[in-house]
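Single-structure report; data block below.
The values are calculated or read from the model by the stated rules, or taken from the named source; none is laboratory data. From a predicted model like this one, the values you see are computed outputs, not experimental measurements. Positions of Cβ are generated from backbone atoms using ideal geometry, with glycine treated the same way; all protein chains shown enter the neighbour counts. Surface areas here come from the heavy atoms of the whole protein model, side chains and all, with no ligands, DNA or RNA. Shrake-Rupley method; radii C 1.70, N 1.55, O 1.52, S 1.80 Å.
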Amino acid sequence: MPAQQTTLMPAPVPAPRSPRRGIRFLPPPLRTRPGGRRLRSRAATATVWYLRLLAVLNIAAVVSLPFREEVHEHNAGEYFTPYLATAGLVSAALALFLAVVMRRRKRAAWLFNLLLAGPLLGLYAVALTRAPYREHPFNWVSTVLTGLFVAALLLGRREFDAIGDRSNPRLALAVGVGGTLVTGGLGALLVHATNKVTGATLKDEIAYTLLRGISVGPLADRVPAVHAPRWADMTVNVLMAVTFLLVLYACFRAPRGARLLAEEDEQRLRELLDRHGERDSLGYFALRRDKSVIFSPSGKAAVAYRVVGGVSLASGDPLGDPEAWPGAIDAWLAEARLHAWTPAVMGASEEAGTVYARHGLDALELGDEAIVDLADFTLDGRAMRVVRQAHNRVRRAGYTVRVRRHEDIPAEEMALLVDRADHWRDGATERGFSMALGRLGDPSDGRCVMLECRDADGAPRALLSFVPWGERGLSLDLMRRDRDCENGLMEYMVVELLLQAKELGIDRVSLNFAMFRSVFERGARLGAGPVLRLWRSVLTFFSRWWQIESLYRANAKYRPVWEPRFLLFAKSSDIPRIGLASARAEGFLTLPGR
């Protein structure tokens, strides 16, 4: 199989962290009976499925004529429908969105449903005291269903503890006012242009538009001066549904995690790297300043992460003492739950993946990291013939490589190298997150290693930058080259580093990450199954744009040791969302206006 998924045992999520900087303290767990917790969880889940069912029924009422007419008859007569059950896309969008945010256990969504369904249940109860309503069994059914929903809300209230951003109410108000004015204006113009009845005033058209935005039922038919065609009614309803979804998103959006790496946090991370940096080749990338960090209660371990699109995206292994990793992971998961973030880890090693699995995350193998052990590296032999020929050809062309620590490069020369690197960058977006530092030439990164390549005329043509991997290792950070340079220049530079590494006290070098490496390797072997061959063909096709196979081929030239890296996630249904967040974090997907 191209990827293996590991089923993991669930673990309880601890309480949220303190908002203070430094070590996050976890309060003692609440003493609750297992049966009561199970009942609350089931009640909360029932509210989600109720909203999902209503979303499906509302959509069916819109697209199905007999069903829509049935709902129209009930709404027009002495009947009332259960909470959020109307014939309109606005109600469908509302129910579907509320189902999503209720599944994430957001407190604001729970309160929103209670404030809508509670008074509605009271109105139903009052209405049933009157004989015309009491005689219809459907009204009793609606009241019972709404009552069960409210009871489930109250029973599961302690399950909804996720908080939102403080700016959400102001943003939702601005989006609601602006969106209503825009969609209402467009809808009124459409109604005015398609009205089949003469003599309608602007007030009538606006009233019809607003009523039609709520439902495609007979509610808007109470404006006799306006009669628009069915397609116009649907257009107005869709516009209002989109506006309503934007308002809901603004109201319930998760906090963006604006607390980035502070100077104090960076210093503590560097201390952890000094003691345990040799464990993970990606450890130094935790010092990216667009990340946040959360420490274990003992302060001996930390998880670095970044919030992208409601996903708390950690990268690599936790930093620090492995015995303290569980405390840092617990604190990270607690913060994710507190803010309704989706937890995910990109590029974890097998050791860290095992620890994450004990905390309720599943694992999916992403690919392999190419690591060259200098004790086993040689240019001799048939297997290294291609690399050896490329190295000799570029060297004969007069190219030279200079290897230095960043701290040994004068400031003026470093500024020129940074300018060259920006000029050679492919595109305006800086790519990289889990395996890139995101900066070059910072004084705090003095132990990084720079490779500068010049041609026979002394003009700079390419550069490579490596970050420290403990005391005796390097991890590739940056590759930039002039597009008009000699073919094979990168191979020449990598080989020169490997040949000169002992002078720097380096024993191992981590190169690029090869996504789905095992698929390309096993899929090309004799006897590979049809599923594996098909998966390899699909990846080869997409490699035309994303260089999936070419990265594997480029790394395989050096005969490295392949270390698997994993994606960790809580639910399989979150993988598409995590994939989008990862693409945004790595710079492959940029939202408009960002």
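For this structure, a couple of remarks:
- The loop-placed trypsin sites (Lys or Arg not before Pro) in segment 435-524, going by DSSP, that have at most 15 neighbouring Cβ atoms within 10 Å of their Cβ come out as ARG447, ARG472, ARG483.
- Sulfur and carbon atoms: percent of accessible area, segment 254-408 [1.4 Å]: 45 percent
- Residue order by solvent-accessible surface for TRP110, TRP332, TRP49 is TRP49, TRP110, TRP332, largest first, with ligands and nucleic acids left out and a 1.4 Å probe.
- Sequence-distant residues sharing a close amide H with ARG461 (under 5 Å, placed H): CYS453, ARG454, ASP455
- Potential extension, ARG289-ASP376 segment - 0.36 nm per residue separation minus Cα distance: 27.8 nm
- For ARG405, the residues whose modelled amide H falls within less than 5 Å of its own, excluding neighbours fewer than 5 places apart on the same chain, are MET450.
- Computed 3J(HN,Hα) for segment 409-414, one whole-Hz value per residue from the Karplus formula 6.51 cos²θ - 1.76 cosθ + 1.60 where θ = phi - 60°, is 9, x, 4, 5, 5, 5, glycine and proline marked x.
- Checking every one of the trypsin sites (Lys or Arg not before Pro) in segment 80-130 against DSSP loop status and a limit of 11 other Cβ atoms within 10 Å picks out ARG130.
- Ligands, DNA and RNA are left out, and with a 1.4 angstrom probe the accessible area of segment 309-406 is 36 Å² per residue.
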